[in-house]
Amino acid sequence: QVQLVESGGGYVQPGGSLTVSCAASGVTFSIRYMGWYRQAPGKPRELVAGFMRGGNTVYGDSVKGRFTISRNNAKNTVWLQMNSLKPEDTAVYYCYADHRNGLRYWGQGTQVTVSS
């Protein structure tokens, strides 16, 4: 079992920046990859950013060049640095962890609101 706790969401004006973090606990040594999805009201959940094999990263097209994912393996933590935020970035941001047991674990989500 893996537990994920997100933090750092909040309210920010367009053009601003925000960083959200995700801390994993439990059977963390078997985590393969971690990353972020988001879901806006009435829309499907979409990939924001994630780590892949070899430490490579993948980003959703709408956030490329604005968002950066980083991690600290020793602390089982990932961060998502979000710059040049737009109103359309408003969503609940969910952290995920892919486990070697084949399961994907999810955090409870953190709300990010971009509005003037």
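Points to keep in mind about this one:
- Counting only residues that are under 25 Å from Asn56 (Cβ atoms) and part of a strand (DSSP E or B), segment 6-24 holds 8 of them.
- Selection status of Ser30, hydroxyl-bearing (Ser, Thr, Tyr), touching a His at 6+ places or on another chain (Cβ under 8 Å) and either open to solvent by less than 50 Å² (accessible area, probe 1.4 Å) or in contact (Cβ under 8 Å) with a residue 40 or more places away in the chain (or both): yes
- Val58 vs. criteria in contact with an Asp or Glu (Cβ under 6 Å, 6 or more places away or on another chain), more than 22 Å from Val5 (Cβ to Cβ) and surrounded by 11 or more Cβ atoms within 10 Å (Cβ to Cβ): no
- Residue in segment 73-86 that is free of Cβ contacts under 8 Å to residues at least 24 places away in the same chain, part of a helix (DSSP H, G or I) and either closer than 13 Å to Gly107 by Cβ or out of contact with any Pro (no Cβ under 6 Å at 6 or more places or on another chain) (or both) present: yes
- The set of residues from segment 25-68 being among the aromatic types (Phe, Trp, Tyr) and either in a strand (DSSP E or B) or modelled with pLDDT of 95 or more (or both) comprises Tyr33, Trp36, Tyr37, Phe51, Tyr59, Phe67.
The values are calculated or read from the model by the stated rules, or taken from the named source; none is laboratory data. Being a predicted model, the structure only gives us computed values, none of them experimental. Every residue, glycine as well, gets a Cβ built from its backbone with ideal geometry; the counts of neighbours run over all protein chains shown. Ligands, DNA and RNA are excluded from the accessible area calculation, which covers all protein heavy atoms including side chains. Shrake-Rupley method; radii C 1.70, N 1.55, O 1.52, S 1.80 Å.
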